[in-house]
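Below: the structure, in structure tokens.
No value in this document is a laboratory result; all are computed from the given coordinates. The structure displayed is predicted, hence computed values, not measured ones. Using ideal geometry, Cβ is built from the backbone for each residue, glycine included, and neighbour counts are taken over all protein chains shown.
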Amino acid sequence: MKISRRGFLGAAGTGTLGGVISLFGVPKSVKAAEIPEIKTVQTTESTTICPFCGVGCGLIVSAREGKVINIEGDPDHPINEGSLCSKGMALYQLAVNERRLNKVKYRAPGSPEWEEKSWDWALTEIAKRVKKTRDATFVAKEDGKIVNRTNGIACLGGAALDNEECYLYSKFARSLGVTYLEHQARI
Ligand code: SF4
């Protein structure tokens, strides 16, 4: 009997183990207790994109009570059709890792110490520095021609950005006058 991945998960999540057994035609001699529980049972699935490279493989992230339980390739995604390279397969370790930093760390110029800061502080500081650099390096005219450019800032997009984010990011950079605008996938 042919069954899709989603059909299988639906049966495992909502049906009884007996239902799953009959679905696959497992011999009656196999006891339900001998069948290991599928780890994605009773999880919420969300689709997303792998953040590592410009291929943009699709993923399914399964979470239970706000915690990531499993990450795997999305078989319905037209780019990877469920497959992942070794980096994509290791994504779970990126999400669930006690060594992952999830607070802002800041080291002031000349200081040997890292300080913990809030996200609000970091975003305000970045905005202040972008404005200061842009104001200091903006060139309105060159050789009598309007150029409106900022050579003091460069912007680099990454594969973790989706199409719409790349569009907004490049529009934002152009509005500052940035000419050094690149994407990770082109380098
Ligand atoms: S799974 Fe591998 S090939 Fe696909 S986007 Fe991630 S890093 Fe790139």
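Based only on other Cβ atoms within 10 Å, what is the fewest-to-most ordering of Lys117, Lys39?
Fewest-to-most Cβ neighbours within 10 Å comes out as Lys39, Lys117.
For Asn163 and Arg129 in the same chain, what is the full-extension length gain: residue separation times 0.36 nm, less their Cα-Cα distance, in nm?
Separation in residues times 0.36 nm, less the Cα-Cα distance, equals 9.6 nm.
If you wrap a convex hull around the alpha carbons of the stretch 133-187, what volume per residue comes out, as a whole number of Å³?
That works out to 86 Å³ per residue.
Restrict the search to the stretch 107-187; then list the chymotrypsin sites (Phe, Trp or Tyr not before Pro) that DSSP places in a loop and that have at most 14 other Cβ atoms within 10 Å of their Cβ.
Answer in residue order: Trp114.
Report ³J(HN,Hα) in whole Hz for each residue of the stretch 148-160, in order, from the Karplus equation J = 6.51 cos²θ - 1.76 cosθ + 1.60 where θ = phi - 60°; Gly and Pro get x.
Working through the residues one at a time gives 6, 10, 10, 8, x, 10, 10, 10, 10, x, x, 5, 6 Hz.
Which whole-number percent of Cα pairs in the stretch 96-137 have a distance greater than 11 Å?
72
Calculate one ³J(HN,Hα) per residue across the stretch 109-116 by plugging θ = phi - 60° into the Karplus curve 6.51 cos²θ - 1.76 cosθ + 1.60, and present them in order as whole Hz with x for glycine and proline.
x, x, 8, x, 9, 8, 10, 8
Using DSSP to call loops (not H, G, I, E or B), can you name the GluC sites (Glu not before Pro) in the stretch 56-111 whose Cβ has at most 14 other Cβ atoms within 10 angstrom?
Filter output for the stretch 56-111: Glu65, Glu81, Glu98.
May I ask you to evaluate 6.51 cos²θ - 1.76 cosθ + 1.60, the Karplus curve with θ = phi - 60°, for each residue of the stretch 83-98 and list the ³J(HN,Hα) values in order in whole Hz, giving x for glycine and proline?
7, 9, 7, 4, 5, x, 5, 8, 4, 3, 5, 6, 7, 10, 7, 5
If you bin the C-alpha pair distances of the stretch 42-100 every 5 Å from 0, what whole percents do you get?
Histogramming the stretch 42-100 at 5 Å steps yields 4, 21, 29, 25, 14, 5, 1 percent.
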